[in-house]
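Written out below as structure tokens is the structure these notes cover.
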Amino acid sequence: MKKTLFDKVWDAHVVDTIENGPQILYIDKHLIHEVTSPQAFSELENRGIPIFRPHQIVATADHNTPTQNQHLPVSDDLSRHQLEQLAKNCNKNNITLYELGHQYNGIVHVMAPELGVTQPGMTMVCGDSHTSTHGAFGAIAFGIGTSQVAQVFASQCLLLTKPKSLRVTVNGTLKKGVLPKDVILYIISKLGTNSGTGYFCEYAGDVFENMSMEGRMTVCNMSIEMGARGGMIAPDETTFEYIKGREFAPKGEDFENKVAYWKTLPTDKGAVYDKEYVFDADDIEPMITYGTNPGMGIKISENIPNSNSASDKKSLAYMNFSEGETLIGKPINYVFIGSCTNSRIEDFRVAADYIKGKQKAENVTAWLVPGSRQVEAQIIEEGLKGVFEAAGFELRQPGCSACLAMNDDKIPQGEYCVSTSNRNFEGRQGQGSRTILASPLVAAATAVEGAIIDISKQLA
Amino acid sequence: MEKFSTLISTAIPLNISNVDTDQIIPARFLKATDKKGFGDNLFRDWRYDKQNNLISDFALNTKKYSGSILVAGDNFGCGSSREHAAWALAGFGFKVIVSSFFADIFKGNALNNGLLPIQVTEDVLEQLFQAIAENSQAQIEINLELQTLSVLGTAIKTTFEIDPYKKTCLINGYDDIDYLLSKKDKIEAFELQKKHLL
């Protein structure tokens, strides 16, 4: 039988199948962080169950960490307690933790790939829905709840029903100024927020083949925003080149053997998907969202569409936007470049390229939050920090930051924020805040202008 | 996990689509390290205004509606994987959520906490909203064994799907850890056999 990339990886990890029920899927790597793990540790402790495979777990602190003065004790009591709890749990159970201040600390979906923890053909889970990011390497990676974190702790396995398969193909060449973020926002705007529910998505076609690993991660990251548990891209030379030499990547002969295996993973010619969509790169332009879910996106030059849905109307009322309106020229006071979607070195290079020699508009507060300590170090090494500071942007320390506003990085009530993050839900970036999702280029341009501009015209 | 078999209750309607887990429990309340207390902050920013006053016309705040069944709009529970959303709903007192569509991770989280997600057709969902609007004291009966949902004293009656394994777990109060631990031998054998790939 012809198999898809997803089939090959899934089938290689099935331990057993329950009759008329789910399958037992073996999990190679389990990533954990401070917010969704403590209750799972307690669950096991209360039941007297040991952690089955502590060496297949990697921990980091990211969701609830400050992005300033990380060398000082965390001032918020609850946050500090949660971080201490993670350290205690990892210490007690012999789990590697890259805590705040460690040179490998960072957002879980940024630090794991850059350390070579993420590899093709793996199954990976984390108590975080954006675990789909790691699918960029041809891994099956998906977010799980805390009960499932406990299950993986106890058995290194999960009970799952195999999802259906979906392929999104985008062929052609992307226009100037169209970034991977625009590609995924475009796809979600076409398919909606739940068309992928129950499916695992593979992205195929020239556009993804020609994308960097950073770009592929941005795309796979947002698979969950169309409901898909995960997204995958077939591993190729770009993937192998990225992994080679990283801290936890296989070395020497082992690496060569792994590459030989990884090369067998791409989908067989003629394999059948349960659902297929095909788009043309030529139709994609810089994108922007206008509502309170990531499916409510338009090309930056388009007007907000009309809708009869009560939920869409509620959304527009929350955003204080009207049907038929353009977003071009809307004054914006906050810009955030960061999150597991867009906080890798490439994202900061794009922003710095645009910003160089320009000044941030006076009305704008612009936060740049690298995804990891390593990205932060590279920003400094490449001289980008100087560019940002000269332009009035504030480079902060790594973490999830204003993407979910668990720490102090909150957008004030009623304010708009053009953000490179992944969710524009009500209050996501702070109570009453209004999020507009966009690429790092659109975010940088907004910060310089103090308002949304039609970047496609400027680049033409 | 608590067992679930049958339930008769009034319901609270929440006729909004795409209710995401950030609305169910905002991120700023995720700092606790145990499962208790999340019910207090369920739908926090829809239930309370910025000055912490109850927003009186929000369905969960009205005297008119009560009960342990939430009837919600399409694509309920999308977004973040936070199981805190299931803990908040259960903590508030809900035992069943009815919608025409559930997000994947939320559905699993609910089932793992004895909170039953029931998916019905859009038509049935509309009928339920209407029945509750006409009579806020309408009694809804859920029978997990028979996989039926009905509004007592009306013609509304439907069956619903549930994974047979998950049904057994709910009825008996088992969870997946019990099952997985019983398969330890197979898991270890798998590890030995696949060592070259892991």
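How far apart, in nanometres, would the label points at residue B:121 and residue B:161 be if each is projected 7 angstrom from Cα along the Cα-to-Cβ direction?
1.4
Please compute the average number of Cβ atoms from other chains found within 10 Å of each residue's Cβ in peptide A:425-438.
3
Given the pairs A:175/A:330; A:3/A:29; A:269/A:457; A:275/A:410; A:313/B:167, which are separated by over 29 angstrom at their Cα positions?
Check vs 29 Å cut-off fails for A:269/A:457; A:275/A:410; A:313/B:167.
If one computes the Cα centroid of the stretch A:219-249 and of the stretch A:394-432, what distance in Å separates the two points?
25
Which FRET efficiency, nearest 0.05, do residue A:268 and residue A:20 yield, Cβ-Cβ r, R0 22 Å?
Values: r = 28 Å, r/R0 = 1.29.
Using R0 = 22 Å, I get an efficiency of 0.20.
Just to verify a number: FRET efficiency for residue A:377 and residue A:236, C-beta to C-beta distance, R0 = 35 Å, to 0.05?
Here the calculated transfer efficiency is 0.80.
Which aspartates and glutamates does residue B:36 reach when only Cα atoms under 15 Å apart count, and residues fewer than 8 places away in its own chain are ignored?
Correct list for residue B:36: A:43, B:83.
Would you please classify the overall shape of the stretch A:43-182 from the alpha carbon gyration tensor, given that a ≥ b ≥ c denote the square roots of the eigenvalues, rounded means a/c under 1.5, and beyond that prolate means a/b larger than b/c while oblate covers the rest?
Oblate is the answer for the stretch A:43-182, as a/c is 1.5 or above yet b/c matches or exceeds a/b.
Using the Karplus curve 6.51 cos²θ - 1.76 cosθ + 1.60 with θ = phi - 60°, what ³J(HN,Hα) values do you get for each residue of the stretch B:2-17, in whole Hz, with x for Gly and Pro?
5, 7, 10, 10, 10, 8, 10, 7, 6, 10, 10, x, 9, 7, 10, 8
Ranking A:95, B:97 by Cβ neighbours within 10 Å, fewest first, what do you get?
Neighbour counts put them in this order, fewest first: A:95, B:97.
Under 19 Å from a point 7 Å along the Cα-to-Cβ line of residue A:1: which residues of the stretch A:190-222 have their amide N that close?
Of the residues in the stretch A:190-222, A:199-202 have backbone N under 19 Å from the label point off residue A:1.
Take every DSSP beta bridge with both residues inside the protein assembly as shown and express the antiparallel ones as a percent of the total, to the nearest 5.
Counting only bridges with both partners in the protein assembly as shown, antiparallel ones make up about 30 percent.
Quick one: compute the contact order of the stretch A:374-439, relative version, from alpha carbon pairs under 8 angstrom and 6+ residues apart, as a percent.
24
Counting only other chains, what is the mean number of Cβ atoms within 10 angstrom of the Cβ of each residue in peptide A:122-131? Show your work: numbers first, answer last.
Details: counts 2, 1, 0, 1, 1, 5, 3, 10, 2, 1.
Going residue by residue through A:122-131 and averaging, the value is 3.
Any aspartates and glutamates with Cα under 16 Å of the residue B:194 Cα? List them, leaving off those in the same chain fewer than 8 positions away.
Within reach: A:11, A:16, A:28, A:254, B:185.
Residue B:157: which aspartates and glutamates have alpha carbons under 16 Å from its alpha carbon, excluding same-chain residues fewer than 8 sequence positions away?
List returned: B:122, B:123, B:126, B:141, B:145.
Summing Lys, Arg as +1 and Asp, Glu as -1, what charge do residues with Cβ under 14 Å from the Cβ of residue A:281 carry, residue A:281 excluded?
Spelling it out: positives minus negatives among the neighbours equals -3.
Distance cut-off 26 Å, Cα to Cα: go down the list A:176/A:263; B:3/B:183; A:251/B:183; B:35/B:95; A:190/B:50; B:31/B:107 and report the pairs above it.
A:176/A:263; A:251/B:183; A:190/B:50, as the Cα separations exceed 26 Å there.
Be a star and scan the stretch A:293-309 for residues whose amide nitrogen sits under 12 Å from the point 7 Å along the Cα-to-Cβ vector of residue A:326.
So the set is A:300-304.
Select from the stretch A:284-360 those GluC sites (Glu not before Pro) which occupy a DSSP coil region and have at most 13 other Cβ atoms within 10 Å, ordered by residue number. Walk me through the numbers on the way to the answer.
Working: sites: A:302, A:323, A:325, A:346; in loops: A:302, A:323, A:325.
Within the stretch A:284-360, the qualifying GluC sites (Glu not before Pro) (loop, at most 13 other Cβ atoms within 10 Å) are A:323, A:325.
Given chain B, what percent of its DSSP beta bridges are antiparallel, to the nearest 5?
50
Checking the a/c ratio against 1.5 first, then a/b against b/c, what shape does the Cα gyration tensor give for the protein assembly as shown?
rounded
Compute the Cα gyration tensor for the stretch B:9-108, then decide on rounded, prolate or oblate, letting a ≥ b ≥ c be the square roots of its eigenvalues: rounded whenever a/c is under 1.5, prolate when a/b is larger than b/c in the other cases, and oblate in all that remain.
Rounded.
Peptide B:105-112: average number of partner chain Cβ atoms within 10 Å per residue?
Mean partner-chain Cβ count within 10 Å for B:105-112: 5.
Suppose R0 equals 45 Å; then what is the FRET efficiency for residue A:164 and residue A:72 from their Cβ-Cβ distance, rounded to the nearest 0.05? Working shown, then result.
Working: r = 49 Å, r/R0 = 1.09.
It comes to 0.40.
In what order do B:105, A:436 fall by count of nearby beta-carbon atoms within 10 Å, going from fewest to most?
A:436, B:105
Each value in this text was obtained by applying a stated rule to the coordinates, not by laboratory testing. Note that the structure is a prediction, hence the values are computed from the model and not measured. When we count neighbours, we look across all protein chains shown, and the Cβ atoms used for this are built from the backbone with ideal geometry, even at glycine.
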